[in-house]
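K.L.:
My structure is below; once you've seen it, I'll send some questions.
The values are calculated or read from the model by the stated rules, or taken from the named source; none is laboratory data. Just so you know, these numbers come straight off a predicted model, no measurement behind them. In this analysis, Cβ positions are derived from the backbone assuming ideal geometry, glycine residues included, and neighbour counts consider all displayed protein chains.
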Amino acid sequence: MNSLPIGEKFDSVMPLTPIPGVSMKGRIKEYRPGRWRVEIWYEKKKHCLYSYSKIPPIPLYHPELAHRLLEHINSLIDRHEFDPADWAREKPFRFEDAAEVWLSLSDVSPEWQVQRRRYLDKYFLPFFKGMDIRKIRRVHIDNFHKTIKDRGLSEKTRYNILAELKALLNHHRESLPRLLTFPKISCQEKPIRWLNQEQQEQVFQFIIDQRDRSIFTFMRFTGCRPSEAAGLLRENVDFENHQIMLATVLGDDGETKGNTKTRIVKPLPIISEIEDCLKPREVSKFVFTKNGKPYCRSTLAYLWKIANRKATEKYGTPKINLYNGMKHSFGCQRLNAGFSLDEIRQVYGHASTKTTMRYASYETGRLANVMSGKVKSLPGKKDLTNKSDDVINVI
């Protein structure tokens, strides 16, 4: 039994100060040996209080503490200052609490962190709020899937939402009684739009400011994300050893974060095409700045949109967004130039070639040979398209 003799160690507990003469409401109850709780009826609802304070939590290990807390709560009620939420016992297995822990510990890019928050507030909480994550079953997931399907969401969006819900539950898998299965959604990947080198050059003609050209040129030859280019720090540029480290990203809130979407620090060589772009032009810890401030995603997207529109008006260049015009174009261009998926994967920093495989569908150069019937000679074999002097006519 964990109870203490009356008066022992109570001096170390900060006394609560009730108002003399208040009417007592509620009661105390020993709900298990050595543990008491205060039961209060407030606004027609019963509230149970289990600790003398929340920070640090002091359990009601003696009836005198429980009585003292009851007096204090009654004084708050009489002063109209009582808020049950201030005294509610923490429930780490409540879905909303577990989701906040998962979100705060997420090691993803700032852009995807924003997307996770949106999924949580818009889809997860309206359905799962108040549930114990240990009691979630496949039927709940199926009902949740039906709910988002009834909202008319596309297969790709539903796939992403369920993938994030699965990531949330997997984060707490050691606290769950069993691993859950999820419905399979087969969705067609959205086609990649990209520009060839000539079309990219047409857009670059309308990026006049040298500071703007520097960061766009850097993205063009490294295949990095806009947030990686914007978050590149001078300390990660090593001219002596001719390499850069893509180790930080810049979020929409202007804060740098020490990881990328792939969570892999990417060392890349400094090639001649980007060497001049990396030279200091303004005093800043960031490599790419304009008027002393780093670029943000929205600014880069706007600059690209204006230049792309002008190139379309003059040359008929396809209108595509910044991500397609830079990162996706890099992958498709290099693949059609004959570089392997593994080589492109290393530049991108993908953990697996499977992620880079989506670009394989756009390797149109080799497919053109197949369609036109051009057959290449195999090593050690004679070209099947040529006549051979060693042909034996069989009569």
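K.L.:
Out of the stretch 170-189, which residues are polar (S, T, N, Q) and modelled with pLDDT of 90 or more?
P.N.:
Selection gives Asn170, Thr181.
This table checks each residue for (1) in the same structural domain as Ile270 (by TED's automatic domain parsing); (2) surrounded by fewer than 12 Cβ atoms within 10 Å (Cβ to Cβ); (3) over 30 Å from Gly254 (Cα atoms).
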site: Lys156; (1), (2), (3): no, no, no
site: Ile161; (1), (2), (3): no, no, no
site: Glu164; (1), (2), (3): no, no, no
site: Ser186; (1), (2), (3): no, yes, yes
site: Gln205; (1), (2), (3): yes, no, no
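K.L.:
When the stretch 306-342 is examined, which residues are found to be under 25 Å from the mean Cα position of the chain (by Cα) and under 27 Å from Asp253 (Cα atoms)?
P.N.:
Ile320, Asn321, Leu322, Tyr323, Asn324, Gly325, Met326, Lys327, His328
K.L.:
Something else now. Being modelled with pLDDT under 85, polar (S, T, N, Q) and in contact with a Lys or Arg (Cβ under 8 Å, 6 or more places away or on another chain) narrows it down to one residue among Asn74, Asn2; which is it?
P.N.:
From the options Asn74, Asn2, the qualifying one is Asn2.
K.L.:
Report whether or not Ile192 is surrounded by 15 or more Cβ atoms within 10 Å (Cβ to Cβ) and modelled with pLDDT under 90.
P.N.:
When the stated conditions are applied, Ile192 passes them.
K.L.:
Criterion first (surrounded by 17 or more Cβ atoms within 10 Å (Cβ to Cβ) and part of a helix (DSSP H, G or I)) does Ser298 satisfy it?
P.N.:
It is false that Ser298 is surrounded by 17 or more Cβ atoms within 10 Å (Cβ to Cβ) and part of a helix (DSSP H, G or I).
K.L.:
Scan the stretch 27-73 residue by residue and report those that are touching a Cys at 6+ places or on another chain (Cβ under 9 Å) and within 15 Å of Asp83 (Cα to Cα).
P.N.:
Val38, Glu39, Ile40
K.L.:
Inspect the stretch 88-97 for any residue being in contact (Cβ under 8 Å) with a residue 40 or more places away in the chain, closer than 19 Å to Lys46 by Cβ and surrounded by 17 or more Cβ atoms within 10 Å (Cβ to Cβ) and give the result as yes or no.
P.N.:
no
K.L.:
Tell me, please, whether a residue that is at pLDDT below 90, among the basic types (Lys, Arg) and farther than 30 Å from Ser106 by Cα can be found in the stretch 280-296.
P.N.:
yes
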